[in-house]
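The values are calculated or read from the model by the stated rules, or taken from the named source; none is laboratory data. Please read these numbers as outputs of a predicted model, since none were measured by experiment. Cβ: placed from backbone, ideal geometry, glycine included. Neighbour counts: every protein chain shown. Protein only, heavy atoms only, side chains kept; ligands, DNA and RNA dropped before computing areas. Shrake-Rupley method; radii C 1.70, N 1.55, O 1.52, S 1.80 Å.
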Amino acid sequence: MTKASDGYVLTAKDLGTGRVRWSTAPWWPFDSVRGELPGPEIVTAGGKDYVALSISGDPGEDTLSDGTPTVRTAVYPADATGSAVAPARTVDIPARESSDLPTAQGSLLAYFGDHQEVTAIDVTNGKTTSYSTDDVGKSPSSKACRLCGPGNSSAGVTSRGPLIQGGGNDFWVPGAWYSPSHVPPGAQGPGGYGEMSESLTVIDDWIIAGWPAKGTHSSDGDTRMWAVHDKSTGEVKASATCAAGDSAGGSSPTDVDPALSADHRYLVHGVLAFDLTTAEGICLGATGTDKGVVLTSVGDDGTAYGHTVTADGDDVSAPVDVAIGTGKISAQPSGTEIPTMVLKNEAVYLSEDDDRYSVAVYPRR
């Protein structure tokens, strides 16, 4: 995304060759816009990819009027061609700013302000579905979750409604499923006080949640069971046990983005790695003798890439790869760069410097 004299221009390049596949006509939807350069969001619907841009502005604003706070979203097909591609459709939402939530099937999601209203946009037809504060704040059961209600927040939207994280760390989709009904094997069952899970993370159609292991309490800081849940049903897809720890070398993969393989079979998140086909998971946290491994990317062959960390979280690290199927860790030569993304035939390396991005792509040998 770049800014031209008369608007924003989105350019799509072929990763294999670097050639420009298509670019958009300059787009400036309002006389004045708020916020920084809009970031493109990739949305998949019906097996087809789309690129969506959201810009905030105040149409109708003039010397005497404030205008109407609006977020306008432009949707482009990812397989477009040409040098002046126009949006396939644009959608207006009456809101001041957009804050993207993880995408659901066929929707680009936005969470607005402090009131937790969520609007889902179907990119295939522009239809919007809004969920009010009542939808977000409503608890599944006052008896089942005594701490739910206050502090509820939106964590995403599914094909069955909004995904809610309760103030007590339970999570659910209203009228569809409730997390204490989907306790992973080896985890502590419901205690009735909303203490079952923590560190909820959403990627694609999956939820990653940490549960107390059997015989522990969520506040003990003890062993935790990390599970991957299906976002639409709550069912457990895979799980792994990790010892406690506050850094990425322990059981809490905080400040680390999850990543999926291109075929969506493998999922890595910090010290965790899952095979979603075999339902197996491994923990690569630091032990008394071994350093931990934090993973960044994973390929379709089940090889994940990352670096080691010490038990105290020091920056001393070394590049490694991990075979998820066996858990075998192999050290790479010093100075080896870890790929941001691994595709079938290429490895992609992204870097950022003062809001300028560089992309380096290397073919598989």
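Structure above, values below:
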| item | result |
| --- | --- |
| Selected residue (criterion: farthest from Thr340 (Cα to Cα)) from residues of the range 35-44 that are part of a strand (DSSP E or B) and open to solvent by 50 Å² or more (accessible area, probe 1.4 Å) | Thr44 |
| Any pair with Cβ under 7 angstrom, 6 or more apart, that starts in the range 54-72 at a residue that is within 24 Å of Val9 (Cα to Cα) and in contact (Cβ under 8 Å) with a residue 12 or more places away in the chain and ends at one that is assigned to a loop (DSSP other than H, G, I, E, B) and polar (S, T, N, Q) | Ser54/Ser98; Ser56/Ser98; Gly57/Ser32; Asp58/Ser32; Asp58/Thr68; Pro59/Thr68; Val71/Ser98 |
| Filter pass, Val294 being in a strand (DSSP E or B), in contact (Cβ under 8 Å) with a residue 40 or more places away in the chain and more than 29 Å from Ser239 (Cβ to Cβ) | no |
| Among residues of the range 344-362, those that are of a type outside the set (S, T, N, Q) and open to solvent by less than 100 Å² (accessible area, probe 1.4 Å), counted | 8 |
| Complete set of residues in the range 1-33 that are basic (Lys, Arg) and assigned to a loop (DSSP other than H, G, I, E, B) | Arg19 |
